[in-house]
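The values are calculated or read from the model by the stated rules, or taken from the named source; none is laboratory data. Only a predicted model underlies this, so the values are computations on that prediction, with no experimental measurement involved. Cβ atoms come from the backbone with ideal geometry, glycine included; neighbour counts cover every protein chain shown. Areas reflect the complete protein model, heavy atoms only, side chains present, ligands, DNA and RNA absent. Shrake-Rupley method; radii C 1.70, N 1.55, O 1.52, S 1.80 Å.
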Amino acid sequence: SEEECVAGNNDDAGCGIWNKASTVQFQSEPNVLYAVYVDSPRTSGGLFELSVSCVDAPAAGPILGDTTTEEKNEVEAFGNVGYISCAAIRNRNPSNDDGEYMLEKTVDGVSTEFKVWCHNMDSDPKEYLSLTENNFSQYKAGGFKPGQTVTTTFTKIRFNVTSLMIDINDRTFSTSVGKLNHEIDVTSMPFTVAADCSRNDGKTGRALINLSGTPFKAISGFSKGGWRPAGSARYDSSTNSWKLEGGGYCGWCVANSQTRESYVPHMIKSIHHALELTFE
């Protein structure tokens, strides 16, 4: 099978012009056999000396406050671990619990570290983005849909670290109040939805997407749906937030779906990626 190069070096600058040597450092994986390939310039040949030393990688663990000097020194000595998912962290250390961890993602050649909440670490790890400010969706009661206004408040949102998309239908870390009936009893709303059923072109529903305190901002568009819908989405750069208003007879304003299909927001089934993020 074809071999993969995991690290390489052509002459360590500190070894002197007539006593050239090379040094490499990489993170190894358990139960993997590594081969060392040594070459010489042009047609030169002869004996060489090879030395290998191993150090323990800093174990990935929850962020429990400020990093100690010893932990910083350990990371700086070994290099950035560069975990790309909660599953990778769990595989490295199966005893890790749910909590906040650092991940790394490279976009257009630029690597950025960011904090996520790892959930279900004992079974099927999933990444969530913790929200520091108020974030809510709403179905405003009144008009043709009486009842109590349904408001769902989110403290964390399901985050796909590969696509940088939000699953707006994941309500694991949310709380809701209110109840009304729209084909079904509505007791909660997906993320990024402002809806009502007040009148033609009505827009009394409200929603707020506030990503301040995170390294991300929302970049995907928003659209209106339903019967005679109205609404808008306004971005406030000072708070890194989107303010949505929407409604109709009945209607809504919501983040564009990844698949662009038409749907009634409160009746979404399963995963529904509909909000794309990017690093600020």
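Annotations for the structure displayed:
- Residue-normalised accessible area of the range 181-253, expressed per residue, 1.4 Å probe, Å²: 42 Å²
- Cα gyration tensor shape for the range 209-280, rounded if a/c is under 1.5, else prolate or oblate: oblate
- In plain terms, the chain from Ser22 to Lys243 could stretch by 74.0 nm, reckoned as 0.36 nm per residue minus the Cα-Cα distance.
- Estimated FRET transfer efficiency (Ala88, Ser232; beta-carbon r; R0 51 Å; 0.05): 0.80
- Cα gyration tensor category, rounded, prolate or oblate, for the range 83-232 with a/c compared to 1.5: prolate
- Of the solvent-accessible surface of the range 79-193, computed with a 1.4 Å probe and all protein chains present, 47% belongs to carbon and sulfur.
- Label zone at Lys115, where the point sits 7 Å out along the Cα-to-Cβ direction: the range 134-163 residues whose backbone N lies under 16 Å: 134, 155-157
- Taking each residue as 0.36 nm, the span from Phe279 to Ile184 lengthens on full extension beyond its C-alpha to C-alpha distance by 30.4 nm.
- Using a simple spin-label model with pseudo-atoms 7 Å out from Cα toward Cβ, Asp122 and Phe144 lie 4.8 nm apart.
- Model label points for Glu104 and Thr162, set 7 angstrom from Cα along the Cα-to-Cβ axis, are 2.0 nm apart.
- When Rg and the Kirkwood radius Rh are both evaluated on Cα atoms of the range 143-280, their ratio Rg/Rh stands at 0.95.
- Student exercise, the range 167-280 dipole from Lys, Arg, Asp, Glu Cβ charges, in Debye to nearest 20: 240 debye
- Highest mean first, the peptides 206-213, 244-251, 86-93 sorted by other C-beta atoms within 10 Å per residue fall in the order 244-251, 206-213, 86-93.
- Between Asp97 and Val177, the modelled label-to-label distance comes to 3.1 nm, taking each label 7 Å out from Cα in the direction of the beta carbon.
- Computed packing ranks the peptides 47-53, 156-162 as 156-162, 47-53, most packed first, by mean other Cβ atoms within 10 Å.
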